[in-house]
1. Evaluate the charge dipole of the chain about its Cα centre and quote only its size in Debye, nearest 20, assuming +1 on the Cβ of each Lys and Arg and -1 on the Cβ of each Asp and Glu.
2. Express the relative contact order of the chain as a whole percentage, based on alpha carbon pairs under 8 Å and six or more residues apart in sequence.
3. Applying the Karplus parametrisation 6.51 cos²θ - 1.76 cosθ + 1.60 with θ = phi - 60° to the phi angles of region 220-228, what ³J(HN,Hα) value in whole Hz is obtained for each residue in order, glycine and proline being reported as x?
4. State the Cα centre-to-centre distance between region 268-296 and region 133-187 in whole Å.
5. At a 10 Å Cβ-Cβ cut-off, how would you order ILE48, ILE286, ILE221, fewest neighbours first?
6. Taking H as built 1.01 Å from N, whose amide H comes closer than 5 Å to the amide H of GLN132, not counting residues under 5 places away?
7. Using modelled backbone amide H atoms (1.01 Å from N, in-plane), which distant-in-sequence or interchain residues come within less than 5 Å of TYR222's amide H?
8. Treat the count of other C-beta atoms within 10 Å as a stand-in for reagent exposure and order ILE308, ILE32 from fewest to most.
Amino acid sequence: MDDVLELEKRVAELNKTLHEYGRAYYELDAPIVPDSEYDEKMKELLAIEEEHPDLIYPDSPTQRVGGAPLEVFNKVVHRHPMLSLANAFNEEDLKDFDRRVKEATGNAVYVCELKIDGLAVSLQYENGRLVQGATRGDGSVGEDITANLKTIRSIPHKLNESLTIEVRGEAYMPKNSFVKLNEDRDEAGEVPFANPRNAAAGSLRQLDSKVAESRNLATFIYAVGGDAEVYGLDSHSDALNKVDELGLTTNKERKRCTTIEEVLEYVAYWTENRLNLDYEIDGIVIKVDNFESQEQLGYTAKSPKWAIAYKFPAEEVHTQLLDIELSV
Ligand code: NAD
């Protein structure tokens, strides 16, 4: 009986703490602990919930995406939810993912991509014209940040085809823009940003779009929102090629892999070489390529079962631009 009470107490504690951390990170762009600490607590809560499903709170952070949209922005209801990704922390987690995929679909082909450390955005084009740009928010409702996104050079106001399409990607601050911004802030006596992710998120959630314009942000598009098959596309790699043709920017380091060994090689290569990139990444995203296989695998409340995010080990995450602990 005591054990059960202890466990219930721990679950309540973890829920409360993760909500506090999440609010600081998602809603205020000012995290109060490093990502590794958040990830550790989330892992502990997930493990308890898996053993004791009766202890899953309806608003548990394991069941929810991101944070509430800020009131100062108009709200955008996403036509299709903008989800999170399940995490992998080691080779075994990736092999388990591969096993699950193969059990459900037979054979698997993957696309490996860099996990850009910025914030997720959705861009809605109507007849080829950019009409709306939004944050992910809580996954169902995001913030309308169209004016800010329009200042980013890698986001065309007009596509090469007059398509009506939603694309999704990561808005980020390149390392050189980040260094310059913090030098300027230092000179002006302002508090520097802790890392490019916070700087990008803070820049896009500004009411004055001149601020976003001055921050030299960029984007990589990593998906077509909703049902990409209506455009005659039947795989994720096809969809990204189409996105390129439309004049948007995708990340060129992606690789199609036909075995889990190739996936592991890609992960090892970028674990070793990621500091040479001129933007920050916090992991690798592995996605099942074929749309039919993706459908077979389906979704949890929070993330697709056809993708997984491998997170770099915490001690390496702490070697970033600033000689201080990341995110604090
Ligand atoms: P996530 O960062 O683990 O993964 C989902 C996100 O990855 C997507 O929304 C997208 O924005 C991004 N992404 C980047 N490149 C991508 C690509 N190529 N393809 C698809 N998606 C790509 O999930 P999350 O829910 O956004 O955030 C959880 C993470 O945020 C945690 O693991 C933790 O590290 C961090 N976090 C930290 C704190 C803190 O207090 N420090 C609090 C909350 C969350």
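1. Values: 37 positive and 62 negative charges, 268 e Å.
Approximately 1280 debye in magnitude.
2. Details: 568 pairs, mean separation 79.5, N = 328.
Once normalised by length, the contact order is 24 percent.
3. For region 220-228, the Karplus-derived couplings read 10, 8, 10, 6, 8, x, x, 8, 5 Hz, x marking Gly and Pro.
4. With region 268-296 and region 133-187 each reduced to a Cα centre, they are spaced 20 Å.
5. Details: ILE48 18, ILE286 28, ILE221 22.
Listed from fewest to most nearby Cβ atoms, that is ILE48, ILE221, ILE286.
6. Correct list: GLN124.
7. ARG168, GLY169, GLU170
8. Numbers: ILE308 27, ILE32 14.
Taking fewest neighbouring Cβ atoms as first place, the list is ILE32, ILE308.
No value in this document is a laboratory result; all are computed from the given coordinates. Here the structure is a predicted model, which is why all the values come from computation and not from measurement. When we count neighbours, we look across all protein chains shown, and the Cβ atoms used for this are built from the backbone with ideal geometry, even at glycine.
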